[in-house]
Amino acid sequence: MGNTYLWVKIIHIAFVVAWMAVLLYLPRIFVYHANVKNYSETSDIFKVMEKRLYYYIGHPSALLVWASGLYMAHALGLYDWLIAKFFFVILLTIYHINLGKYLVKFYQNDNKKTSKFFRLINEIPFLIMFVILFFVVIKPEFNFLELLYEL
């Protein structure tokens, strides 16, 4: 593998860190936002923070994670551990999209979720990240697709 692969790997790691920061911090902002009154100055400040974090950091980071990850998968080949990793990255992407839906609800002053709900879902990306790190570091040998099929 040449220098290009290593540069893409650096980009991948950097933007995984940025994307995870968004996935971990945005629900924490939602925790505080859920406790303020709609149409208040504080609510408006949270809306700006949420929008900038999600659209200006979250979307580009997720896109670069996917692009660099697919490039590296093409260069490496599809191992079972990598297929498993992609499955969990898809779950993170679904989580990311759902955060966008909550953001829109806050923006429309129509949030019905409690701060407790956002505290709870705030743990999801950490757990998924831990599983992804397991696959990346350990690289277990098993047939992930067969395992999914049996479930």
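The table below lists the values:
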{"read-out": "Exposed-loop-free span, longest in the chain, where GluC sites (Glu not before Pro) count as exposed if DSSP calls them loop and at most 15 other C-beta atoms lie within 10 Å", "value": "1-122"}
{"read-out": "Net charge of Cβ neighbours under 13 Å - reference ASN98; Lys, Arg +1; Asp, Glu -1", "value": "+3"}
{"read-out": "Potential lengthening between VAL136 and ARG28 on full extension [0.36 nm per residue; Cα-Cα distance subtracted]", "value": "36.2 nm"}
{"read-out": "Estimated FRET transfer efficiency (LYS113, TYR55; beta-carbon r; R0 22 Å; 0.05)", "value": "0.60"}
{"read-out": "Hull shadow area, averaged, the chain [alpha-carbon convex hull, nm²]", "value": "9.8"}
{"read-out": "Spacing of the two label points (7 Å from each Cα toward its C-beta) at ILE13 and ILE124, in nm", "value": "2.9"}
{"read-out": "Under 16 Å between alpha carbons - lysine pairs in segment 3-150 that sit 8 or more apart or on different chains", "value": "15"}
{"read-out": "Segment 1-50: mean projected area of Cα convex hull, nm²", "value": "3.9"}
{"read-out": "Sum of -39500 (n - 2.57) over DSSP H runs of 4+, divided by residues of the chain (222 nm, nearest 500)", "value": "-26000 deg cm²/dmol"}
{"read-out": "Footprinting exposure proxy for ILE90, ILE132 (fewest neighbouring C-beta atoms within 10 Å first)", "value": "ILE90, ILE132"}
{"read-out": "Packing-based exposure ordering (other Cβ within 10 Å, fewest first) of LYS85, LYS113", "value": "LYS113, LYS85"}
{"read-out": "Full-stretch length increase - LEU6, LEU76 - with 0.36 nm per residue and alpha-carbon distance subtracted", "value": "24.0 nm"}
{"read-out": "Percent RCO, i.e. relative contact order, over the chain, from Cα pairs under 8 Å lying at least 6 residues apart", "value": "38"}
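Since every read-out is calculated from the coordinates, none of them should be taken as a lab result. Just so we're clear, the structure is a prediction, and the values are computed from it rather than from any experiment. Virtual Cβ from ideal backbone geometry, glycine too; neighbours counted across all protein chains shown.
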